[in-house]
1. (1) out of contact with any His (no Cβ under 9 Å at 6 or more places or on another chain); (2) surrounded by 15 or more Cβ atoms within 10 Å (Cβ to Cβ); (3) not aromatic (Phe, Trp, Tyr): which one isn't true of residue 43, the others all being true?
2. Among the residues of region 23-51, which ones are within 18 Å of residue 73 (Cβ to Cβ), under 13 Å from the mean Cα position of the chain (by Cα) and of a type outside the set (Asp, Glu)?
3. How many residues, within region 22-40, are at pLDDT 90 or above and surrounded by 12 or more Cβ atoms within 10 Å (Cβ to Cβ)?
4. Here are the criteria: (1) of a type in the set (Lys, Arg); (2) surrounded by 14 or more Cβ atoms within 10 Å (Cβ to Cβ); (3) at pLDDT below 90. Tell me which single one residue 60 does not satisfy.
Amino acid sequence: MLTQTHQNSVKIWFNLGRENHGHYTVMPRIGVITEPMEVNGWKFLPLEMDDSVIPREAWKHVELLRDNGVIIKQVIVGHNLIEEEEKRQKMEACKKTAEKVVSFVATLAVGFMTAIAGAGAMLALGFVGLLVAIDPILVVVLEDGTWLCVAEWDS
């Protein structure tokens, strides 16, 4: 059960998010973490342990909360492990298919070198496309230990 003070805080967070084109989600009260942890198919890491590039738009929401007096004890990045594994498996399957195609084309003739280069470029773009689809989230740990998800993006 939420206390009246906590309910008022939640309203303030949601209003700040809505007014600034953000959608905040209240998560469990886990508090500050000092090492990576897995919860329900998600891996959460303290910001300093994660190598993701945090988009400026995501940081705006952290700054917005701070500018409005919300005490933030920690920033955490979360990764959906199930999605990441599915993407990895798709990348592996695509890589194997690409290797077969390139091998076949390479055996046809030297005149197909342009086609091979084109196929290689298309495969590289395909791999980049698969990598871009992984969705991290940005979580802030509030003064009472509540986790508040303030942003998500495609990395």
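1. (1)
2. Once the filter is applied, which keeps residues that are within 18 Å of residue 73 (Cβ to Cβ), under 13 Å from the mean Cα position of the chain (by Cα) and of a type outside the set (Asp, Glu), region 23-51 yields 44, 45, 47.
3. Just the residues of region 22-40 that are at pLDDT 90 or above, to begin with: 30-38.
Narrowing further to those that are surrounded by 12 or more Cβ atoms within 10 Å (Cβ to Cβ): 30-31, 33, 36-37.
The number of residues fulfilling the criteria is 5.
4. All conditions pass for residue 60, except number (3).
The values are calculated or read from the model by the stated rules, or taken from the named source; none is laboratory data. This structure is a prediction, so every number in the text was calculated from the model and none was measured. Because the Cβ atoms are built from the backbone with ideal geometry, glycine has one as well, and the counts that use them run over all protein chains shown.
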